[in-house]
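Read the structure below first, then the notes.
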Amino acid sequence: MKFLMVGAGLSGAVIGRHLAEAGHEITVVDSRPHIGGNCYTERDADTGVMVHIYGPHIFHTDDAEVWDYVNGFETFLPYKNRVKTTSRDPQGELGVFSLPVNLHTINQFFRKTLRPDEARSFITEEQADTSIADPQTFEEQAMRFVGKDLYEAFFKGYTMKQWGCHPSELPASILKRLPVRFNYDDNYFFHKFQGMPESGYTAMIGKILDHPNITVKLETVFDRSEAGDYDHVFYSGPLDGWFDYELGRLGYRTLDFERFTYEGDYQGCAVMNYGEVDVPYTRITEHKHFTPWENHEGSVLYREFSRAAEPEDIPYYPIRQVEEKALLSDYVKLAEATSGVTFVGRLGTYRYLDMDVTIREALDTARGFVQCLETGEKAPAFFVAPL
Ligand SMILES: Cc1cc2nc3c(=O)[nH]c(=O)nc-3n(C[C@H](O)[C@H](O)[C@H](O)COP(=O)(O)OP(=O)(O)OC[C@H]3O[C@@H](n4cnc5c(N)ncnc54)[C@H](O)[C@@H]3O)c2cc1C
């Protein structure tokens with residue numbers, strides 16, 4: 001059969017590959033001039049640094065099948081994400097601290113030498129605002145968990161810049177657990193498998209798409225009228241875009257990257273956050289630190305700014321607050337009444353998805369679809385419910 005993948009990102013590539021291996025004829029279209037979607041990496045011509053063009057991407061997962069899957073296409077080398085932040089301490093002095101907030105952060109920030117149990121008592125008994133009995137907002141939850149000083153230095157400014165609103169306007173549910181570690185573990189992720197593709201994500205996705213039954217067409221914008229030329233469409237573009245935004249637009253945050261170069265090592269780490277609200281960017285990424293096995297004299301850096309997405313911007317982070325979820329629910333109803341298309345991936349289901357989850361869902365979708373073909377059942381609009 002003939003199937004169309006709209007989008008040459010991870011979703012389109014993984015589903016396309018699975019169906020190509022099952023003997024079907026796959027066309028993959030992408031409006032961009034390259035494959036890879038937002039995971040796209042490119043070697044900078046001047047410095048030789050592998051640049052994560054749409055923002056830093058670190059692979060991390062507990063899913064052994066997904067880890068084996070990516071390692072089947074590309075060599076992954078060890079990489080641990082160790083983030084730093086520039087913020088002000090309780091005396092108002094600027095300093096560089098370790099993230100996520102851990103025992104090193106606490107001891108440096110409060111100029112103490114606490115051991116784990118002492119630090120836990122200090123935070124929960126002396127810092128946490130226990131007068132807040134039933135936290136309703138992100139701000140109240142953070143104040144309740146860690147108190148004013150840590151909240152203001154590490155959560156408040158960054159959140160305001162990232163989401164464009166005050167933490168008192170965001171729900172408490174965003175901060176589900178105590179966001180502090182009482183040991184010196186500064187590995188950003190807890191996952192068992194973590195690494196970086198040796199030749200970049202573009203090379204990996206290129207290998208996934210490299211199959212005789214797959215044809216890739218770049219700089220090709222999908223037009224809904226073409227759907228009838230295929231037996232089924234897998235659409236990893238924006239859900240509301242499929243319906244020409246007829247009910248309105250689902251809200252996104254977008255990112256602006258201000259690129260600059262440097263001779264040598266600019267900041268000594270891959271990611272430096274900026275916690276203060278009057279520094280307009282959220283973080284600076286120094287891309288060469290993502291490949292510690294390579295040596296480059298020159299350096300490529302991105303200052304990252306977050307703002308509300310306008311229609312012509314790249315949609316990055318779905319907002320998914322009450323208003324957006326109501327609109328999403330209406331689009332889901334429209335989608336479920338449509339046949340011949342399955343909505344997939346981060347844009348098709350309007351959710352933030354890490355790469356491993358994207359691959360897991362893509363594999364499950366492809367397998368579920370093959371089963372539908374075998375049983376003659378109608379393929380659903382969503383194999384994973386967006387709400
Ligand atoms: C800033 C940022 C940092 C991230 N960091 C990490 C990280 O560290 N670790 C991690 O695991 N995950 C990370 N992610 C998540 C990761 O980017 C996603 O998991 C992944 O990109 C999802 O793949 P996808 O194929 O669903 O979507 P995408 O990569 O967005 O691909 C969709 C593709 O569809 C194309 N398209 C859309 N509409 C049309 C149309 N009408 N016609 C033709 N083509 C169309 C687009 O051009 C795009 O190439 C990050 C995401 C962002 C935004």
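The values are calculated or read from the model by the stated rules, or taken from the named source; none is laboratory data. Small disclaimer: the values here were computed from a predicted structure and weren't measured. Cβ coordinates were reconstructed from backbone atoms using ideal geometry, including for glycine residues, and neighbour counts include every protein chain displayed. Surface areas here come from the heavy atoms of the whole protein model, side chains and all, with no ligands, DNA or RNA. Shrake-Rupley method; radii C 1.70, N 1.55, O 1.52, S 1.80 Å.
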message = With closer than 30 Å to Asp117 by Cβ and among the aliphatic types (A, V, I, L, M) as the only criterion, which of Ile205, Ile174, Ile214 stands out?
response = Ile174
Residue list for segment 18-63, filter: within 23 Å of Phe369 (Cβ to Cβ), within 7 Å of the ligand (Cβ to nearest atom) and over 17 Å from the mean Cα position of the chain (by Cα) = Val29, Asp30
task = Please work out which one of (1) in the same structural domain as Asp231 (by TED's automatic domain parsing); (2) open to solvent by 60 Å² or more (accessible area, probe 1.4 Å) is the condition Arg88 fails and give its number.
result = (1)
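Consider Gln108 carefully, then state whether it is under 30 Å from Gln194 (Cα atoms) and open to solvent by 60 Å² or more (accessible area, probe 1.4 Å).
Values: under 30 Å from Gln194 (Cα atoms): yes; open to solvent by 60 Å² or more (accessible area, probe 1.4 Å): yes.
Yes; evaluated as a whole, the condition is true for this residue.
Can you name every residue in segment 374-387 that is of a type outside the set (A, V, I, L, M, F, W, C) and in contact (Cβ under 8 Å) with a residue 40 or more places away in the chain?
Within segment 374-387, Pro380, Pro386 qualify.
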ask   = In segment 25-63, what residues are in contact with a Lys or Arg (Cβ under 9 Å, 6 or more places away or on another chain), open to solvent by 50 Å² or more (accessible area, probe 1.4 Å) and over 30 Å from Glu226 (Cα atoms)?
value = Asp62
message = Looking at segment 12-24, I want the residues that are open to solvent by less than 30 Å² (accessible area, probe 1.4 Å) and have a partner that is of a type in the set (Lys, Arg) and assigned to a loop (DSSP other than H, G, I, E, B) with Cβ atoms under 8 Å, at least 6 apart or on another chain. Which pairs are those?
response = none
request  = Check whether at least one residue in segment 343-354 is touching a Lys or Arg at 6+ places or on another chain (Cβ under 9 Å), open to solvent by 30 Å² or more (accessible area, probe 1.4 Å) and either within 27 Å of Tyr158 (Cα to Cα) or of a type in the set (Val, Ile, Thr) (or both), and report yes or no.
outcome  = yes
query = Hey, does segment 231-240 have a residue that's within 9 Å of the ligand (Cβ to nearest atom), assigned to a loop (DSSP other than H, G, I, E, B), open to solvent by 20 Å² or more (accessible area, probe 1.4 Å) and out of contact with any strand residue (DSSP E or B) (no Cβ under 8 Å at 6 or more places or on another chain)?
reply = yes
query = Under 7 Å by Cβ, and 6 or more places apart or on different chains, what pairs join a residue from segment 358-373 that is within 14 Å of Phe343 (Cβ to Cβ) with one that is surrounded by fewer than 16 Cβ atoms within 10 Å (Cβ to Cβ) and of a type in the set (Asp, Glu)?
reply = none
